[in-house]
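The values are calculated or read from the model by the stated rules, or taken from the named source; none is laboratory data. The model shown is predicted, which means the values in this text are computed figures rather than measured ones. Cβ placement follows ideal geometry from the backbone for every residue including glycine, while neighbour counts extend to all protein chains displayed. Only protein heavy atoms, including side chains, enter the accessible area calculation; ligands, DNA and RNA are left aside. Shrake-Rupley method; radii C 1.70, N 1.55, O 1.52, S 1.80 Å.
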Amino acid sequence: MSLRIGLVCPYAWDVPGGVQQHVGDLARALIALGHHVSVLAPVGDPDADLPEHLVPAGRPVPVPYNGSVARLSFGPRTVRKVRRWIATGDFDLLHIHEPSAPSTSLLACWAAEGPMVATVHTANPRSRAMAASSGALRSAMEKIHGRIAVSQAARRTLVEHIGGDAVLIPNGVDAAAFAGAEPLPGWPGEGGALGFLGRVDEPRKGLATLLEAFTHLAPDHPGLRVLVAGPGDPGPALQAVPEHLRERVVCLGRLDETDRVRAFHSADLFCAPNLGGESFGMVLTEAMAAGATIAASDLPAFEAVLDGGRAGQLFATGDASDLARRAADLLADPGRRAHLAEAAREAVRPYDWVTVAAEVVRVYETVLHGEEPEGRGGVRVASGPSPAALLRRGAGPRPGDPRRGRTGSGRGRRGPYGRAGGRGERF
């Protein structure tokens, strides 16, 4: 059965990020399965190269969120665009990503009635912002009929801040696209190379930890280099590297998709030294699909993706000395690196988009089949207070408020994907 699906992304589409990538990849996978897909997301660059199925929802503004700076879109103009998109989309179902984000996602929850699924990506159990806005979030989440979490950490955040539960479906990766690329010219080189991909000026991505580990390794590895790829200014992190070693840290900036894939094949050891705030680890699944040998922080989300350390070497989060010791062992042991790379290729199979998209569609079908006969008819603009009015109040309709409409009955908490210990135990 072909469905008309509306996907909502809260973050600026033209700024790289894990949620944006997930939504874009999911859209392509659903279209490949024969579904009609429209994606609503903020867009900051009017000249950005956008896919045909992307509908801009307004210009984003930078807002501190989840330990980083997110580019979100809200306010009356965005509200009008969200409502127009819902009214004209003729959707069978909305799939809202990161519904807690005060952007298009939360606005779409407030603005729509009908079948809705939400995916929670955030893992931030101490989020004061989520705690402060929990009433507004609950009013939106009560309209959700199916909940997905990309990891146990994201699932735990949902349970602690909003209540209810979710089925676990991980982020996907196009495994075939990463499997056979050639290294970038001149890499990894005879002296060996460490690799890093991510925002270089975002502290929680951990580039400073990697560079400190490199300074420990450099004296005994005179030819060792570091390949750093990603947007942002690497200057602050480089300042801690002794001047005579800086030429061995090669910063490539933001790469296009082709070279980004090649970068995973350009290092003897790919490092993910993230310090926290990670609910899953998409960069890890990409590295795994590329057959890279991985050294990663022992964050719970990373440990889960790396199969408890069987598909990659874990080290103590934020401990540059521990990273240096484990990296030295791996650089000296090609056989161990090859074993971990092969284990990674095997462990990444459940994360291939072919599998993940089919799991997501099963959630859609269960939600649609569970709709009450009088509630069928797809997604429509909600009656009652407009999102603009709710924004002015700072919260959505409260439980028990008759203005919530038909879909505010809390079905999301007792539906097929709202039970504790549900299908998520597979992952």
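Brief remarks follow.
- Conditions (1) open to solvent by 50 Å² or more (accessible area, probe 1.4 Å); (2) under 22 Å from T285 (Cα atoms): number failed by A181: (1)
- Selection of segment 245-259 for residues being touching a helix residue (DSSP H, G or I) at 6+ places or on another chain (Cβ under 9 Å) and modelled with pLDDT of 95 or more yields L245, R246, R248, V249, C251, L252.
- Index of the failed condition, A338 passing every other in (1) closer than 27 Å to N171 by Cα; (2) at pLDDT below 95: (2)
- Scanning segment 57-108 for residues that are assigned to a helix (DSSP H, G or I), open to solvent by less than 20 Å² (accessible area, probe 1.4 Å) and closer than 22 Å to H35 by Cα yields a count of 6.
- For segment 23-56, the set of residues classified as touching a helix residue (DSSP H, G or I) at 6+ places or on another chain (Cβ under 7 Å) and either open to solvent by 20 Å² or more (accessible area, probe 1.4 Å) or not in a strand (DSSP E or B) (or both) consists of D25, L26, A29, L30, L33, P42, H53, V55, listed by residue number.
- Taking the conditions (1) among the hydroxyl-bearing types (S, T, Y); (2) in a loop (DSSP other than H, G, I, E, B); (3) open to solvent by 20 Å² or more (accessible area, probe 1.4 Å) in turn, S266 satisfies each one other than (3).
- Test result for P397, more than 30 Å from I31 (Cα to Cα), in a loop (DSSP other than H, G, I, E, B) and at pLDDT below 90: yes
- Among (1) over 22 Å from D174 (Cα atoms); (2) out of contact with any Gly (no Cβ under 6 Å at 6 or more places or on another chain); (3) buried (at least 22 other Cβ atoms within 10 Å of the Cβ) - the single one D298 does not satisfy: (3)
- Residue within segment 309-320 that is in a helix (DSSP H, G or I), in contact with a Gly (Cβ under 7 Å, 6 or more places away or on another chain), over 18 Å from G172 (Cα atoms) and not acidic (D, E) present: no
- Any hit, segment 224-231, residues being open to solvent by less than 40 Å² (accessible area, probe 1.4 Å) and part of a helix (DSSP H, G or I): no
- Single condition A240 does not satisfy, out of (1) closer than 21 Å to D25 by Cβ; (2) out of contact with any His (no Cβ under 8 Å at 6 or more places or on another chain): (1)
- Taken over segment 1-19, the criterion of being polar (S, T, N, Q) and in a helix (DSSP H, G or I) is satisfied by no residue.
- Taking each residue of segment 178-189 that is closer than 12 Å to A263 by Cβ and looking for partners that are of a type outside the set (F, W, Y) and surrounded by fewer than 14 Cβ atoms within 10 Å (Cβ to Cβ) with beta-carbon atoms closer than 8 Å, six or more apart or interchain, yields A181/T258.
- Meets criteria (open to solvent by 30 Å² or more (accessible area, probe 1.4 Å), of a type outside the set (S, T, Y) and part of a loop (DSSP other than H, G, I, E, B)) for P170: no
- Check on G276, more than 20 Å from the chain's Cα centre (by Cα) and surrounded by fewer than 24 Cβ atoms within 10 Å (Cβ to Cβ): no
- If you filter segment 290-307 down to residues that are modelled with pLDDT of 95 or more and not in a loop (DSSP other than H, G, I, E, B), you find that the one that is farthest from L184 (Cα to Cα) is S297.
- Going through (1) of a type outside the set (V, I, T); (2) within 20 Å of the chain's Cα centre (by Cα); (3) at pLDDT 95 or above one by one, S103 falls short only on (3).
- In segment 340-362, the condition of being charged (D, E, K, R), outside any helix (DSSP H, G or I), free of Cβ contacts under 8 Å to residues at least 12 places away in the same chain and open to solvent by 60 Å² or more (accessible area, probe 1.4 Å) is met by no residue.
- The one condition from (1) open to solvent by 20 Å² or more (accessible area, probe 1.4 Å); (2) of a type in the set (D, E, K, R); (3) without any contact (Cβ under 8 Å) to a residue 40 or more places away in the chain that D322 does not meet is (1).
- Evaluating T209 against the criteria (1) in contact with an Asp or Glu (Cβ under 9 Å, 6 or more places away or on another chain); (2) crowded, with 21+ Cβ neighbours inside 10 Å; (3) part of a strand (DSSP E or B) leaves one unmet condition, (3).
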